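Right, one structure below, let's go through it.
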Amino acid sequence: MRLFSSIFSALLLSVAFAAADTTTVKPADSTATDSAAKVSATEPTTTDSIGREAPSRMTDAKKHAVWIKLEGDVEPAMFEFCARAIDDALKENPDYIVFEINTFGGRLDAAFDIVDTIMAVKGPETIALVKKKAISAGSLIALACKKLYMLEATTIGDCAPIVQGGDGTPQIVGEKIQSPLRAKFRNLAQRNGYPELLSSSFVTPELEILELTAKLDKGKKTERDTVLIIEGEKYTVLDSAAKAFWGAPKILVKEGELLTMTDKEAQELGFSKGTFKDRAEFETSLAIESRSEVETTLGEDIASAIAAIAGILLILGFGALYIEFKTPGFGLFGIIGIILIGIVFLGQFAPQLDGYIPAILLVAGIALFLVEIFVMPGTFLFGVGGIACMILALALSFSPSEIPEYIPESIETTFDATPWLFGLLYMLCCAAIALVFPIAASKYLIPLLPEGWTPMLKTDLENAASPTESVQEIHVGDVGVAKTFLRPVGQASFTMSDGSTKLFDVQTHGEIIEAGSPVKVEAVQEGHIWVGLVNP
């Protein structure tokens, strides 16, 4: 009679908690072995009398899978790639779309966009495979898939939204942000069959989760265990008889902590369907015979790289603009600040401009050269940047597919260097032509043009003097006037001993001096005149 009363009380508690949607019932022996999990992954399953999945022994058909790697920070560039990759994957009509996840998280808005995109997939089964970690927004993306698998020694969880506090330390945001995020986790749990209450503990540190276990005996043989997962607040209001029936609770998530699980724990708690040593074992388990992988484009790689250092670029850019505002005129720091900030904002459009990147780099290289010649002569910074942009544009314009078909294929190895060798040869030939052609044209072709049509000056050099000889008239301490902006190179006029005024090319030690300012010669070295601003 006492046993019947205890069983009846337990069933009443289970019904009450289920009606409140705060419990999860699972068999106590739900800790499946790896081999059992792998069998269930490859075979259609049925459900036994207590809710456990049992594989039906049917012959598996060979499957085709498309792999999509989601690595690095979760940000808009990752969403752009994910949306494009899913569209490309659906064209292959695969059985599975496998998202290989390895991320510490990132922006919540980008994560929501990725989740909505994955949930909208119709047809193939979406699978998340945690490669190393799916933390924060990464766990949200993982639960958006219909099934979750993990490799050995991986982790998942901890999705509390945080912001940077006034003292620089991260702080968990309030209920206004936590509430819709919790609702999103509940929606994913209900849709894909993950433990709903435990999913909420990814977000809310105030939530304590307990596991209660009661053994229902039939004579001397244990028939089965009843397991109840409940909030800590619900357990405290149980009466003494109910607490005695359930026994001492097991704490799954402590109050003040967020749920973060290893691969084994995720499998025990009903999130992961199985743990595997590597990708090959995972594919074997799911009977994947053919596979393909969606690669990132150059534009997407550039966007991700810029997003990774966007904070540093903005700090440097605004710092350069601040220095520019503190110095007279407009010069080097202003240009650097505009370029750095422009890279951050224009980098967001890199995926859409993927096919035009070589042309953009070529134009940028030419623009930097013009800045070096007409705006900031003598700095060499923009000249070097222009050369780098043009070399990069040349390299990106080369494609291994342009190699002629008559070239014999190399012996198959782990890495075929033939395309890269031809690419290097292609770049060297272009560089040689770019170097030799102007010299040859200036020496043999341009002099043949009629008078007035040649761009070259036909100056008589008989009376020309070298820069070293011309600056001998200048001495340290001479005072003159800057005739052009010195950024840091320009021209200044000095009065000679005979009373005449001459212009000389001068340069500062990095200081920018406005035209009309008095300058004083600080050093004369190897034909260079170094000047500084005369103190008022």
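The values are calculated or read from the model by the stated rules, or taken from the named source; none is laboratory data. Quick caveat: nothing in here was measured; it's all calculated off a predicted structure. Virtual Cβ from ideal backbone geometry, glycine too; neighbours counted across all protein chains shown.
Among the residues of segment 263-296, write down those that are small (Gly, Ala, Ser) and over 29 Å from Arg84 (Cβ atoms).
Here is the first cut: in segment 263-296, the ones small (Gly, Ala, Ser) are 266, 270, 272, 274, 280, 285, 287, 290, 292.
Result: Ala266, Gly270, Gly274.
Can you confirm whether Ile335 is over 23 Å from the mean Cα position of the chain (by Cα), in a helix (DSSP H, G or I) and either surrounded by fewer than 17 Cβ atoms within 10 Å (Cβ to Cβ) or not aromatic (Phe, Trp, Tyr) (or both)?
Values: over 23 Å from the mean Cα position of the chain (by Cα): yes; in a helix (DSSP H, G or I): yes; either surrounded by fewer than 17 Cβ atoms within 10 Å (Cβ to Cβ) or not aromatic (Phe, Trp, Tyr) (or both): yes.
Spelling it out, Ile335 is indeed over 23 Å from the mean Cα position of the chain (by Cα), in a helix (DSSP H, G or I) and either surrounded by fewer than 17 Cβ atoms within 10 Å (Cβ to Cβ) or not aromatic (Phe, Trp, Tyr) (or both).
Mind counting the residues in segment 311-320 that are surrounded by 17 or more Cβ atoms within 10 Å (Cβ to Cβ) and over 23 Å from Arg107 (Cα atoms)?
Looking only at that region, the number is 1.
Report every pair of residues separated by at least 6 positions or lying on different chains whose Cβ atoms are under 8 Å apart, first residue within segment 188-203 and free of Cβ contacts under 8 Å to residues at least 40 places away in the same chain, second in a helix (DSSP H, G or I) and among the hydrophobic types (A, V, I, L, M, F, W, C).
Ser200/Phe185
Among the strands (runs of 3 or more DSSP E) contained in segment 486-528, which hold 2 or more residues that are loosely packed, with under 13 Cβ neighbours inside 10 Å and within 51 Å of the chain's Cα centre (by Cα)?
On the way: elements: 489-495, 501-507, 518-525.
Counting at least 2 such residues, we get 518-525.
Right, Asn93: of a type outside the set (D, E, K, R), over 24 Å from Thr155 (Cβ atoms) and touching a residue at least 12 places away in the same chain (Cβ under 8 Å) or not?
On the way: of a type outside the set (D, E, K, R): yes; over 24 Å from Thr155 (Cβ atoms): yes; touching a residue at least 12 places away in the same chain (Cβ under 8 Å): yes.
Yes, satisfied.
Only one of these is closer than 30 Å to Glu511 by Cβ, modelled with pLDDT of 70 or more and not hydrophobic (A, V, I, L, M, F, W, C): Gly347, Gly378, Gly385. Name it. Spell out how you get there, then give the answer.
Details: Gly347 fails: closer than 30 Å to Glu511 by Cβ; Gly378 fails: modelled with pLDDT of 70 or more.
When all the criteria are applied, what remains is Gly385.
Among the residues of segment 223-240, is there at least one that is small (Gly, Ala, Ser), more than 27 Å from Ile162 (Cα to Cα), modelled with pLDDT of 85 or more and outside the structural domain of Cys159 (by TED's automatic domain parsing)? Write out each step before concluding.
From segment 223-240, those small (Gly, Ala, Ser) are 232, 240; that's our starting set.
Filter again for more than 27 Å from Ile162 (Cα to Cα), leaving 240.
Now drop any that are not modelled with pLDDT of 85 or more, which leaves 240.
With outside the structural domain of Cys159 (by TED's automatic domain parsing) added as a condition, the list becomes 240.
The answer is yes, given that some residue of segment 223-240 is small (Gly, Ala, Ser), more than 27 Å from Ile162 (Cα to Cα), modelled with pLDDT of 85 or more and outside the structural domain of Cys159 (by TED's automatic domain parsing).
Hey, among Ala303, Ala248, which residue is closer than 20 Å to Leu70 by Cα and either modelled with pLDDT under 90 or surrounded by fewer than 19 Cβ atoms within 10 Å (Cβ to Cβ) (or both)?
Numbers: Ala248 fails: closer than 20 Å to Leu70 by Cα.
Only one candidate passes the filter, namely Ala303.
Considering only residues that are more than 23 Å from the chain's Cα centre (by Cα) and in a loop (DSSP other than H, G, I, E, B), which ones fall in segment 285-310? Outline the logic, then answer.
From segment 285-310, those more than 23 Å from the chain's Cα centre (by Cα) are 285-291; that's our starting set.
Leu286, Ala287 - these are the residues of segment 285-310 that are more than 23 Å from the chain's Cα centre (by Cα) and in a loop (DSSP other than H, G, I, E, B).
At least 3 residues that are within 30 Å of Val173 (Cβ to Cβ) in each: list the helices (runs of 4 or more DSSP H) lying fully within segment 231-284 that qualify.
Numbers: elements: 232-236, 240-246, 263-268.
Counting at least 3 such residues, we get 232-236, 263-268.
Return the residues of segment 469-488 that are closer than 15 Å to Ala523 by Cβ and either in contact with a Phe, Trp or Tyr (Cβ under 7 Å, 6 or more places away or on another chain) or β-branched (Val, Ile, Thr) (or both); say none if nothing qualifies.
Val471, Ile474, Val476, Asp478, Val479, Gly480, listed by residue number.
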